[in-house]
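The values are calculated or read from the model by the stated rules, or taken from the named source; none is laboratory data. These numbers come from a predicted model, not from an experiment. All Cβ positions, even for glycine, are placed from backbone atoms using ideal geometry, and neighbour counts span all protein chains on display.
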Amino acid sequence: MEHENIKKSLKPIVNNNSKILILGSLPSDKSIIANEYYGNKMNQFWDIISLAFENRKIEFKDYNEKIQFLNNHYIALWDVYCLAERKGSLDSDIKKGEFNDIKDLLNKFPNIKTVLVNGKKSEMAFKQYLKYNKIVCDHKYVPSSSSANTKYSLFEKVEYWKKAMFEKT
């Protein structure tokens with residue numbers, strides 16, 4: 001791997017009350033620099049989550065407030081990849097990805113019963129992960145929160161996410 005193109009995942013945001021785990025692929029360069037999940041202001045993740053739970057966009061004061069929001073709604077965040085080669089921030093440029101130990105996280109936090117996989121690259125990577133790891137949980141794929149995903153409007157994304165989070169399969 002080329003050293004300057006090696007990107008690492010952030011630590012998971014999770015606690016013993018978490019019920020839903022949302023998995024991205026790998027943080028964007030802006031997120032890595034800020035050390036914050038979905039730190040690129042163009043990403044619609046925080047709007048999707050606030051609209052799904054509160055029916056309104058929340059203007060969070062800071063990252064701590066975002067984490068508190070996740071905790072209040074029993075949501076954990078992490079990435080499928082712990083490490084990968086990627087020039088820039090596009091998921092399509094991820095190469096040689098190494099997986100986070102999602103199975104271990106789920107074993108340590110048994111209240112997590114649902115895994116949402118955010119976007120196509122995360123979906124592909126998670127399916128690859130599942131080939132080698134048996135995981136007992138409900139897992140669903142949701143449209144990418146990236147603003148580059150123009151196939152769906154923000155409100156269509158919110159509806160997909162709400163259905164995945166709140167409807168039983």
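Of everything in the stretch 29-44 that's part of a helix (DSSP H, G or I) and out of contact with any Leu (no Cβ under 9 Å at 6 or more places or on another chain), which residue is nearest to ILE67 (Cα to Cα)? Full working, then the answer.
The first filter runs over the stretch 29-44 and keeps only residues part of a helix (DSSP H, G or I), leaving 29-34.
Next cut, out of contact with any Leu (no Cβ under 9 Å at 6 or more places or on another chain) only: 29-30, 33-34.
Values: ASP29: 20, LYS30: 18, ILE33: 17, ALA34: 14 Å.
Here the answer is ALA34.
Check LYS96 against each of (1) assigned to a strand (DSSP E or B); (2) under 16 Å from ILE32 (Cα atoms); (3) among the basic types (Lys, Arg) and name the one condition it does not meet.
The failed condition is (2).
How many residues are closer than 12 Å to GLN44 by Cα, of a type in the set (Gly, Ala, Ser) and under 17 Å from the mean Cα position of the chain (by Cα) when one looks only at the stretch 120-158?
The total comes to 5.
Taking the stretch 116-148 on its own, how many of its residues are polar (S, T, N, Q), surrounded by 20 or more Cβ atoms within 10 Å (Cβ to Cβ) and out of contact with any strand residue (DSSP E or B) (no Cβ under 7 Å at 6 or more places or on another chain)? Outline the logic, then answer.
Residues of the stretch 116-148 polar (S, T, N, Q): 118, 122, 128, 133, 144-147.
If we keep only those that are surrounded by 20 or more Cβ atoms within 10 Å (Cβ to Cβ) too, we end up with 118, 122, 144-146.
With out of contact with any strand residue (DSSP E or B) (no Cβ under 7 Å at 6 or more places or on another chain) added as a condition, the list becomes 146.
Matching residues across the stretch 116-148 total 1.
Within the stretch 83-90, does at least one residue satisfy the condition of being over 30 Å from ILE6 (Cα atoms), not basic (Lys, Arg) and not in a loop (DSSP other than H, G, I, E, B)? Let's see the steps before the verdict.
Here is the first cut: in the stretch 83-90, the residues over 30 Å from ILE6 (Cα atoms) are none.
No, the conditions are met nowhere in the stretch 83-90.
Checking MET42 against (1) touching a residue at least 24 places away in the same chain (Cβ under 8 Å); (2) surrounded by 15 or more Cβ atoms within 10 Å (Cβ to Cβ), which single condition isn't satisfied?
Against the list (1) touching a residue at least 24 places away in the same chain (Cβ under 8 Å); (2) surrounded by 15 or more Cβ atoms within 10 Å (Cβ to Cβ), MET42 comes up short only on (2).
So how many residues does the stretch 50-109 have that are surrounded by 17 or more Cβ atoms within 10 Å (Cβ to Cβ), at pLDDT 95 or above and basic (Lys, Arg)?
Summing the residues that are surrounded by 17 or more Cβ atoms within 10 Å (Cβ to Cβ), at pLDDT 95 or above and basic (Lys, Arg) in the stretch 50-109 gives 2.
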